[in-house]
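Shown next, in structure tokens, is the structure this report addresses.
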Amino acid sequence: MKGQARFGVKGKLAPRYVRLHEILEKSNSVTYRVALPPVMEHMHNVFHISMLRDYLRDPLHVIELSHVLLKDDYTYEERLMQIVNRRVKRLRNKKIPLVKVD
């Protein structure tokens, strides 16, 4: 799930939307924690639902799905492809390991 966060330009009555950010978790029924870029790490990353905008579907933004073969007991065999890059995203209270596979 993705959303756009908005921030004030010249005061609170002139909001401006900033790029897409991944929603990490739904804190409660009206707040969401989003993944902010390192440039914005000094900002609080929990936003009220009114501060977010729905993701507009882009036909060029396609994620390829892979089929998973399930066994009779609903388990599957994991296959590691190749780890291309690895880093740890540091939030205020949390460290999120990110792994890019190819």
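The values are calculated or read from the model by the stated rules, or taken from the named source; none is laboratory data. These numbers come from a predicted model, not from an experiment. Cβ atoms come from the backbone with ideal geometry, glycine included; neighbour counts cover every protein chain shown.
What to note about this one:
- Every residue from segment 27-86 that is among the small types (Gly, Ala, Ser), out of contact with any strand residue (DSSP E or B) (no Cβ under 6 Å at 6 or more places or on another chain) and more than 21 Å from residue 102 (Cβ to Cβ): 29, 50
- Failed item, numbered, when residue 54 is tested on (1) surrounded by 10 or more Cβ atoms within 10 Å (Cβ to Cβ); (2) closer than 17 Å to residue 32 by Cβ: (1)
- So residue 60, is it at pLDDT 75 or above, assigned to a loop (DSSP other than H, G, I, E, B) and surrounded by fewer than 10 Cβ atoms within 10 Å (Cβ to Cβ): yes
- Within segment 32-62, being of a type in the set (S, T, N, Q) and more than 16 Å from residue 94 (Cβ to Cβ) holds for one residue alone: 50.
- Scanning segment 77-91 for residues that are of a type outside the set (Val, Ile, Thr) and loosely packed, with under 10 Cβ neighbours inside 10 Å turns up 77, 78, 79, 80, 81, 82, 85.
- Residues that are of a type in the set (Lys, Arg) and either under 26 Å from residue 45 (Cβ atoms) or modelled with pLDDT of 85 or more (or both) within segment 72-102 comprise 86, 87, 89, 90, 92, 94, 95, 100, listed in sequence order.
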